[in-house]
1. When the residues of the range 139-167 are filtered to those that are under 22 Å from the mean Cα position of the chain (by Cα) and of a type in the set (D, E, K, R), which remaining residue is most open to solvent (accessible area, probe 1.4 Å)?
2. Return the residues of the range 57-91 that are among the hydroxyl-bearing types (Ser, Thr, Tyr), in a loop (DSSP other than H, G, I, E, B) and farther than 13 Å from SER202 by Cβ; say none if nothing qualifies.
3. Among all residue pairs at least 6 apart or on different chains, which show Cβ distances below 9 Å where the first residue, located in the range 87-98, is under 18 Å from PRO143 (Cβ atoms) and the second is of a type in the set (Phe, Trp, Tyr)?
4. Going through the range 1-33 one residue at a time, which ones are open to solvent by 30 Å² or more (accessible area, probe 1.4 Å), in a helix (DSSP H, G or I) and under 29 Å from SER316 (Cα atoms)?
5. So which residues in the range 344-370 are on the phi < 0 side of the Ramachandran plot, modelled with pLDDT of 95 or more and open to solvent by 20 Å² or more (accessible area, probe 1.4 Å)?
6. Can you confirm whether SER27 is modelled with pLDDT of 95 or more and away from the ligand (no atom under 16 Å from the Cβ)?
7. Of the numbered conditions (1) modelled with pLDDT of 95 or more; (2) over 30 Å from GLU279 (Cα atoms); (3) open to solvent by less than 50 Å² (accessible area, probe 1.4 Å), VAL48 satisfies every one except a single condition; which is it?
8. From the list ARG107, ARG61, ARG100, which one is over 28 Å from SER269 (Cα atoms), surrounded by fewer than 23 Cβ atoms within 10 Å (Cβ to Cβ) and not small (Gly, Ala, Ser)?
Amino acid sequence: MTRHFGPTKNIGTFYPPQRVLMGPGPSDTHPRVLAAMARPTLGHLDPVFTDMMEELKSLLRYAFQTSNLLTFPVSGPGSVGMEMCFVNMVNPGDKVIVCRNGVFGGRMIENVQRCGGTAVVVEDKWGAPVDPQKVEDALKQNPDAKIVAFVHAETSTGALSDARTLCEIAHRHNCLTIVDTVTSLGGSPLKVDEWKIDAIYSGSQKCLSCPPGLSPISFSERVVDLVKSRKTKVQSWFMDLNLLFGYWGSTRTYHHTAPTNALYALHESLLMLYEEGLEHSWARHQRNHEALKAGFETLGMEYLVEENSRLPQLNSVHVPQGIDEKEVRRRLLVDYSLEIGAGLGDFAGKIWRFGLMGYSSRMENVMLCLGALEAVLSDMGMKIEQGTAEAAAHQAYAAHPLPVESKKTAKAA
Ligand SMILES: *Cc1c(COP(=O)(O)O)cnc(C)c1O
């Protein structure tokens with residue numbers, strides 16, 4: 001019998017090694033967040049737990065800068081948040097403008113098609129931001145389009161798109177917007193109400209210093225009206241917002257067993273973001289990016305994305321000529337316990353992706369990464385003067401002090 005279970009002989013408790021996560025996500029979880037997760041499990045209808053959920057929703061509204069009532073974490077990774085938006089908002093036959101400038105825009109197209117909708121694809125080069133003019137043109141050619149969907153921070157390339165302008169164009173053409181902010185929330189300026197984003201989803205494991213598995217979402221009143229007035233049932237039972245209103249709203253009826261301990265973690269991570277202040281967190285991500293970039297420049301490593309649309313939390317750089325990129329990643333992991341990301345699609349083997357997200361976005365990680373890269377690359381034959389990258393990073397830190405006041409301003413808001 002046992003052979004059906006695979007080898008079971010030497011199985012013991014699993015102790016993961018302590019890594020430094022500087023890839024495209026997950027990023028390092030803050031110790032405070034890990035500690036929160038280890039607290040006693042509560043029932044998902046326990047009044048103590050539901051009180052915590054109310055706090056969590058407020059903290060999430062702060063993070064998203066929205067007063068949307070329907071703001072809560074979906075039980076599932078960012079991909080479930082994405083699917084949640086599409087299955088509820090796209091009716092069979094609906095036309096949706098989808099912007100694709102990387103991997104995640106491609107997934108949005110899949111979602112539209114699986115909902116029975118038609119995706120009108122606005123293509124941009126991988127590494128470039130979404131071009132607002134192309135979106136405007138697509139909307140003029142498709143006056144019957146209902147929704148515009150795009151990725152704010154494209155993690156496959158490190159490009160940041162102008163969400164405010166794209167939403168403004170969509171609304172001028174009477175479209176609702178679906179915006180992927182999995183990698184931007186907490187790391188780059190994001191203002192849901194000010195920018196009039198209708199449907200937004202994110203992830204716990206990128207710039208929130210929290211483990212993977214939860215997807216914060218928020219929907220405007222216009223989306224709530226749309227979902228309530230649907231003539232066909234949402235094809236997914238689990239993701240049907242009409243049914244979820246019952247649990248996350250005021251009535252607290254059973255829908256599914258919420259992952260209580262994971263939600264303690266998100267509560268703690270959002271509390272930490274609130275204590276730090278959003279503006280301060282954005283500035284911290286920018287500052288660590290400036291230092292990493294200064295170090296990369298001394299190593300002759302060039303960015304994929306143009307300076308004005310670069311994400312501070314996701315640094316894509318070209319692999320230097322003649323370097324075995326896989327071997328570099330292997331050595332960083334084995335010798336330095338440092339994880340970085342590889343390129344995807346056409347960029348596989350051609351770029352590395354260095355994440356500086358959430359709790360991973362720290363000076364000590366920037367320094368570890370630059371020192372380790374110098375050692376590994378020079379060992380592999382590149383001419384490198386040891387210590388120059390760290391020195392450049394130190395200078396960049398000195399030139400970009402953190403705005404201490406922003407902390408108070410953000411808290412008062
Ligand atoms: C990571 C990511 C996702 C998917 O999130 P998962 O938690 O892996 O499902 C979606 N969109 C973007 C932009 C991402 O970076």
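1. Checking each candidate, the answer is ARG164.
2. Once the filter is applied, which keeps residues that are among the hydroxyl-bearing types (Ser, Thr, Tyr), in a loop (DSSP other than H, G, I, E, B) and farther than 13 Å from SER202 by Cβ, the range 57-91 yields only SER67.
3. VAL96/PHE86; ILE97/PHE150; VAL98/PHE150
4. Scanning the range 1-33 gives a single hit, PRO31.
5. Correct list: LEU344, PHE347, ALA348, LYS350, TYR359, ARG362, MET363, GLU364, MET367, LEU368.
6. For SER27, the condition - modelled with pLDDT of 95 or more and away from the ligand (no atom under 16 Å from the Cβ) - is not met.
7. With respect to (1) modelled with pLDDT of 95 or more; (2) over 30 Å from GLU279 (Cα atoms); (3) open to solvent by less than 50 Å² (accessible area, probe 1.4 Å), VAL48 is out only on (3).
8. Numbers: ARG107 fails: over 28 Å from SER269 (Cα atoms); ARG61 fails: over 28 Å from SER269 (Cα atoms).
Exactly one residue qualifies, and that residue is ARG100.
The values are calculated or read from the model by the stated rules, or taken from the named source; none is laboratory data. Please read these numbers as outputs of a predicted model, since none were measured by experiment. For neighbour counting, all protein chains shown are included, and Cβ atoms are generated from backbone atoms with ideal geometry for every residue, glycine included. All accessible areas refer to the heavy atoms of the entire protein, side chains included, with ligands and DNA or RNA removed. Shrake-Rupley method; radii C 1.70, N 1.55, O 1.52, S 1.80 Å.
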